[in-house]
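> Could you have a look at this structure, given as structure tokens, before my questions?
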Amino acid sequence: MNNNRKINSNSKNKQLETFRIHDQKKPMTTNQGLKITEDEHSLKAGTRGPTLMEDFHFREKITHFDHERIPERAVHARGYAAHGEFELYESMKKYTKAGFLQEPGSKTPVFTRFSTVAGSKGSAETVRDVRGFAVKFYTEEGNYDLVGNNMPVFFIQDAIKFPDLIHAVKPEPHNEMPQAASAHDTFWDFVANNQESAHMVMWHMSDRAIPRSFRMMEGFGVNTFRFINEQGKAHFVKFHWKPKLGVHSLVWDEAQKISGKDPDFHRRDLWESIENGNFVEFELGVQLLEEKDEFKFDFDILDPTKIWPEEEVPVKIIGKMTLNRNVDNVFAETEQVAFHPGSVVPGIDFTNDPLLQGRLFSYTDTQLIRLGGPNFHELPINRPVCPFHNNQRDGYGRQTINVGQVSYHKNSLADNKPNTSSEEDGGYAHYQENVDGRKIQARSDSFKDHFSQARLFWKSMSLAEKQHIIEAFSFEVGKVKNMNVRQQVVDMFANVDVDMMTKVAQAVGVNAPLNAEQSDVRKASPALSQENKAKLPDTRKVAVLIADQFDETILEPIIKTSLDAGMSIHIISEKFGTLTGKGGSTVVVDETFLTVHSVLYDALYVAGGQAQQQNKFEKDVADFVNEAYMHYKPIGIAPNAKALFEKTQAKPGPGILLDLTVSGDGKQWVNTVAEHRFWNREIY
Ligand code: HDE
């Protein structure tokens, strides 16, 4: 195998450097290189006369501008990406010959794009939706793309239904509403009439669909792939990304408000984390199955609406991805990157998962129109870091100048070069799976159980998570105008849980479900609940609400403890400038009550003080606290801010730390912030 050639982890960065252009401090020229004397006025016949056609600079500038836009992605249009590296913990040699999975400690450059699915390029980011999680590994054997989502299953079982699903969830065609939302008639009509969607819809109604951060969600390859080792032995494999910070979500009311207050919430969070040196870490895990175990389960392992429960097939952690560099130019990199689940390396192969099979066609096809021709692999972000040679030629935007007379294979004029490689020399050979069957347009009977795993998911949720699912259904189905569709949805999901749907039926004004067949599922799968994931204080955003005359002896230890625990602090007051404490210390205001809002923070600390307009300060603090309280967030109150707290609607209880002073390691405050939400708080 050809993995002797070592490429260091910066190989992609080095390659990109050759494309970077630094325009600053340079004379302005046309695209032909001609220096320009005038860029403010077009060439006219007299100062009040018409513009002249011969003004080539004007025409070039306007023409380029007129052609600046490219079609947005048909799905996953709204996305954001970062560079990083993948480090292998443990050799996977036993399972796969993929070069980048052999040597523990070896590093591979990666580029990762997160996205929403339904919204257009300019839509808000905290909508209820699936999130894309696409990783391009620039390996020394070619690019390997792991194009996944933040949910482990999908709405449909066969790719032929993808256009139907997407037509149903996108804004309705007659009035182009609603933007970036599944809460409308056509989506739910699709769901009720395509019951294979049941399991995925449960995920979609869960907190997973409103992540707190791209940095705090899991990623899944969804489809079943194959690992092939040097001896040609195959294993089925499913891929998982596990965030080091645990899995955390927004509250639906909060998510909707953030859509207005900061539609860039998720990209800002990713960008700022990386700029601040809080690099983003995900561990890569694999679930492996021997080929002989293909039929061992009560679900079909090729069915993309099914998980392999982690308690039955453990996730083996094999490495870590660290995102550590923001892009230089969003269009050049994030927008022009082209992912394709068919970009594989030797040792990784496909299965007959019918969704995967269709995906293998779609991605190249869509890039052809989006990126304007067959040469998008030459764009800097898409280029492999290893050499690539073949007899493909020409097309729009071709950049390489392929020298020589011969562009065909086989040939004698060029000594039959470029020539194919043997498997031993690193050539890709498709896995020789035995396939035998009649040509048929039908689905296997083993794909027909749509509700058992949907019910497993429901049974695995905590009480709070269950409540959120009921509320999400009530919101979404409540937005459906057609009462018949509402009823169909209620009847369908009664197959998951009758009590759940009885509550939803009440909320949306339709009949309680009559008959339902609830499959008897195995016990819960704890891995499915977010409650069981890591809870850390790291990178939590704390708002400190403060005015002049604050008590620095109390504030300073709080700030120090918070920063030491990895949180970030924003000092928020009535106006920008400097505030002075009782003892004469000063703090600089980062934001004002006008420029930020409670929903943009994970926790509050009310330091208090004496403002010029005390009544207004009291009201602004109360608004902040009330929202945070309603969103179950940690709230700390300084001893001298008790009176401010009493003017809010918040009540002492879980996650409310009254008279908070910090000494020693400040464990109580740090643990409270790490907890993130206090679901047992009574908010009504
Ligand atoms: Fe995609 N998907 N998809 N998808 N998908 C696209 O390709 C498609 C599916 C996923 O950040 C498109 O470049 C079909 C599952 C991500 O650039 C398109 C089917 C999963 C991204 C396409 C699926 C995904 C895409 C649109 C059903 C999780 C964004 C733009 C068989 C495993 C990648 C593009 C990025 C993008 C087709 C289902 C993940 C149209 C036909 C399942 C993360 O080719």
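The values are calculated or read from the model by the stated rules, or taken from the named source; none is laboratory data. Nothing here was measured: the structure is a model prediction, and the numbers come from that model. Neighbour counts run over all protein chains shown; Cβ positions are idealised from the backbone, glycine included.
> Check whether at least one residue in the stretch 422-440 is in the same structural domain as Ala507 (by TED's automatic domain parsing), part of a loop (DSSP other than H, G, I, E, B) and of a type outside the set (Lys, Arg), and report yes or no.
no
> Of all residues in the stretch 502-519, which are touching a residue at least 24 places away in the same chain (Cβ under 8 Å) and in a helix (DSSP H, G or I)?
Within the stretch 502-519, Lys503, Val504, Ala507, Val508 meet the criteria.
> If you don't mind, another one. So, in the stretch 82-113, how many residues would count as being in contact with a Lys or Arg (Cβ under 6 Å, 6 or more places away or on another chain) and either modelled with pLDDT under 95 or in a strand (DSSP E or B) (or both)?
Within the stretch 82-113, residues that are in contact with a Lys or Arg (Cβ under 6 Å, 6 or more places away or on another chain) and either modelled with pLDDT under 95 or in a strand (DSSP E or B) (or both) number 5.
> Taking into account only those residues within the stretch 362-396 that are free of Cβ contacts under 8 Å to residues at least 12 places away in the same chain and assigned by TED's automatic domain parsing to the domain that holds Phe111, which is farthest from Val344 (Cα to Cα)?
So, considering only residues that are free of Cβ contacts under 8 Å to residues at least 12 places away in the same chain and assigned by TED's automatic domain parsing to the domain that holds Phe111, the one farthest from Val344 (Cα to Cα) is Leu368.
> Shifting gears a bit: Say whether the condition of being in contact with a strand residue (DSSP E or B) (Cβ under 8 Å, 6 or more places away or on another chain) and part of a loop (DSSP other than H, G, I, E, B) is met by at least one residue in the stretch 264-271.
Checked against the condition, which is being in contact with a strand residue (DSSP E or B) (Cβ under 8 Å, 6 or more places away or on another chain) and part of a loop (DSSP other than H, G, I, E, B), the stretch 264-271 yields no hits at all.
> Just the residues that are free of Cβ contacts under 8 Å to residues at least 40 places away in the same chain and more than 18 Å from Tyr601 (Cα to Cα), please, taken from the stretch 655-679.
Leu658, Asp659, Gly664, Lys667, Gln668
> Another one. Taking the criterion of being more than 19 Å from the chain's Cα centre (by Cα), closer than 30 Å to Ile21 by Cα and among the charged types (D, E, K, R), would at least one residue in the stretch 315-332 satisfy it?
yes
> From the list Val153, Val147, pick out the single residue that is buried (at least 18 other Cβ atoms within 10 Å of the Cβ), in a strand (DSSP E or B) and either within 12 Å of the ligand (Cβ to nearest atom) or modelled with pLDDT under 95 (or both).
Val147
> In addition: Just give me the residues in the stretch 328-363 being among the aliphatic types (A, V, I, L, M) and away from the ligand (no atom under 13 Å from the Cβ), in sequence order.
Passing the criteria: Ala332, Val344, Val345, Ile348.
> Output the residue which, of all residues in the stretch 166-219 that are of a type in the set (Ser, Thr, Tyr) and buried (at least 24 other Cβ atoms within 10 Å of the Cβ), is nearest to Gly132 (Cα to Cα).
Ser182
> Name the residue, out of Ser106, Ser120, that is away from the ligand (no atom under 16 Å from the Cβ), surrounded by fewer than 24 Cβ atoms within 10 Å (Cβ to Cβ) and either of a type in the set (S, T, N, Q) or not assigned by TED's automatic domain parsing to the domain that holds Asn223 (or both).
Within the list Ser106, Ser120, the selection yields Ser106.
> Spot the failing condition for Asn223; the list is (1) under 27 Å from Gly122 (Cα atoms); (2) under 20 Å from the mean Cα position of the chain (by Cα); (3) within 9 Å of the ligand (Cβ to nearest atom), and only one is missed.
Asn223 satisfies all of (1) under 27 Å from Gly122 (Cα atoms); (2) under 20 Å from the mean Cα position of the chain (by Cα); (3) within 9 Å of the ligand (Cβ to nearest atom) except (1).
> Is there any pair with a first residue in the stretch 412-426 that is without any contact (Cβ under 8 Å) to a residue 60 or more places away in the chain and a second that is hydrophobic (A, V, I, L, M, F, W, C) and surrounded by 10 or more Cβ atoms within 10 Å (Cβ to Cβ) whose Cβ atoms are under 8 Å apart and which are 6 or more apart or on different chains, and what are they?
Pairs that qualify, where the first residue is without any contact (Cβ under 8 Å) to a residue 60 or more places away in the chain and the partner is hydrophobic (A, V, I, L, M, F, W, C) and surrounded by 10 or more Cβ atoms within 10 Å (Cβ to Cβ), are Leu413/Val406; Ala414/Val406.
> When the residues of the stretch 234-249 are narrowed to those that are assigned to a loop (DSSP other than H, G, I, E, B) and touching an Asp or Glu at 6+ places or on another chain (Cβ under 8 Å), which ends up nearest to Arg208 (Cα to Cα)?
Filtering first and then ranking leaves Val247.
> Being among the β-branched types (Val, Ile, Thr), more than 28 Å from Gly260 (Cβ to Cβ), out of contact with any helix residue (DSSP H, G or I) (no Cβ under 6 Å at 6 or more places or on another chain) and buried (at least 19 other Cβ atoms within 10 Å of the Cβ): is that true of Ile559 here?
Spelling it out, Ile559 is indeed among the β-branched types (Val, Ile, Thr), more than 28 Å from Gly260 (Cβ to Cβ), out of contact with any helix residue (DSSP H, G or I) (no Cβ under 6 Å at 6 or more places or on another chain) and buried (at least 19 other Cβ atoms within 10 Å of the Cβ).
> Still on this model: Looking only at the stretch 426-460, count every residue that is of a type in the set (D, E, K, R) and surrounded by 12 or more Cβ atoms within 10 Å (Cβ to Cβ) and tell me the total.
Residues meeting the conditions: 6.
> Still on this structure, I have one more. Specify which of the listed residues (Phe493, Phe550) is touching a strand residue (DSSP E or B) at 6+ places or on another chain (Cβ under 8 Å), farther than 20 Å from His248 by Cα and crowded, with 21+ Cβ neighbours inside 10 Å.
When all the criteria are applied, what remains is Phe550.
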